[in-house]
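Presented below is the structure to which this report refers.
The values are calculated or read from the model by the stated rules, or taken from the named source; none is laboratory data. Everything quoted here is computed from the prediction, not taken from an experiment. Don't worry about glycine lacking a Cβ; one is built from the backbone with ideal geometry, like all the others, and counts go over all protein chains shown. What goes into the accessible areas is simple: the full protein's heavy atoms, side chains included, and nothing from ligands, DNA or RNA. Shrake-Rupley method; radii C 1.70, N 1.55, O 1.52, S 1.80 Å.
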Amino acid sequence: MATEPIWRLGAILNESLATTLRFAAWHLELGADRLFLLFDNPQDPAIGVLRDHPKITCIPCTPDFWAELGLTQGTRFTKRQNAALTWVYRQVSDGWFLNGDADEFLFPGPNGLAPLLADVAETDSAVRILTAEAVAWPGQGGTVTRFRLPMERRPTRRGVYGADAGLFGPRRLGLVGHPQGKSLTRAGLADVSLRQHWPQNAAGERLPEKVIDAGTGAYLLHFIGLDFAAWRSKVDWRLQSRGFSGPLAEKVSEALLCEDAEDRLLDLHRRLHHVSPDVWARMEAAGVALSLSIDLDAPVLRQFSLDLADG
């Protein structure tokens, strides 16, 4: 049996308390040795809830914090994110380090994380786990969640989405968010910096990596955009931070200029993040559909003795 690996997680957050607690509890329950949570809002209420946890380090991103990194609060978010997570990574000397986001949940599959890391070649500096993107579906309830997987072939995307295929690509491979997933990087590597999806060396070159085959049942579960209100609140930010693909950004920008902007955005959100039975059937036929029975709230109650249903 493979020895349980030591791994830590770092993330920069600016979310609701419930979202932050779900993210933290899930990864603690998965076995993270430590969570380094950086709060883009230095007054985030989650800091008061989590700062005394023995496995969580809370880091308020104050103006002084950004100044130490040679940045300001006004610096583009992705640049700040990469700098902050690189700063954390360089403080970890052993095991593995996962660079995550609040809407991403590592799912190592039925055999856990240990066997995924046990046979990684010593020449590989990182292990990358690909994305499964959550979708909403009619009558959704209980703990069964549905996901779509990257669609490598353009005919697959056209066959699944029809006239809406242009909203999902071409580089997003049939997803709204990133298909690349996220990497667990070996700790203690010299002259390494972190990008959103993988580490790179001082010359800006990607390091050798092992990409985990989806056949292992391991995925990075990406809960992007399921709730319209939450999605709508981040539209401007995603436009500014290149969170939308080019064609999708154009559609969103066009909608914002219309008198019925909110109705148009609501319709666009439905086309992006909801799947009808027909679309789901086409996804299943193409082998890009995934159903999992998971409960994101249960770990919160077990880890923090908090029930999200009670606020």
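Observations on the model:
- Kirkwood hydrodynamic radius of the chain, Cα pairs, Å: 20.5
- Percent antiparallel among DSSP beta bridges (both partners in the chain, rounded to 5): 50
- Extent along the principal axes, Cα only, for segment 45-96: 31, 30, 17 Å, with the longest axis given first.
- Largest-first principal axis extents, alpha carbons of segment 122-202, Å: 48, 33, 18
- Mean accessible surface per residue for segment 41-129, computed with a 1.4 Å probe while every protein chain stays in place, in Å²: 47
- FRET efficiency for Asn14 and Leu301, using Cβ-Cβ distance with R0 set to 35 Å, rounded to 0.05: 0.90
- Glu152 contributes about 140 Å² of solvent-accessible surface, heavy atoms of the protein only, 1.4 Å probe.
- Each of Ser241, Ser291 has its accessible area taken with a 1.4 Å probe; listed largest first, they run Ser291, Ser241.
- Residue-span extension gain [Asp227 to Lys55] - 0.36 nm each, minus C-alpha spacing: 58.9 nm
- Once all protein chains are placed together, Lys55 keeps about 90 Å² accessible to a 1.4 angstrom probe.
- With helices as the sole contributors, the chain gives -9500 deg cm²/dmol at 222 nm; each DSSP H run of n ≥ 4 counts as -39500 (n - 2.57), and the sum is divided by every residue.
- Using a Gaussian network model of the chain in which every pair of alpha carbons under 10 angstrom is joined by a spring, one finds that among Leu266, Leu221, Leu28 the greatest mean-square fluctuation is at Leu266.
- More than 19 Å apart - percent of Cα-Cα pairs taken over segment 206-299: 58
- Accessible area (Å², 1.4 Å probe, nearest 10) - His274: 80
- Put simply, the convex hull of the Cα atoms in segment 228-275 casts, on average, a shadow of 3.2 nm².
- FRET efficiency, Ala285 to Ala121 (Cβ-Cβ, R0 25 Å, nearest 0.05): 0.10
- About the Cα centre, charge dipole magnitude for segment 228-275 (Lys/Arg +1, Asp/Glu -1 at Cβ), debye: 340
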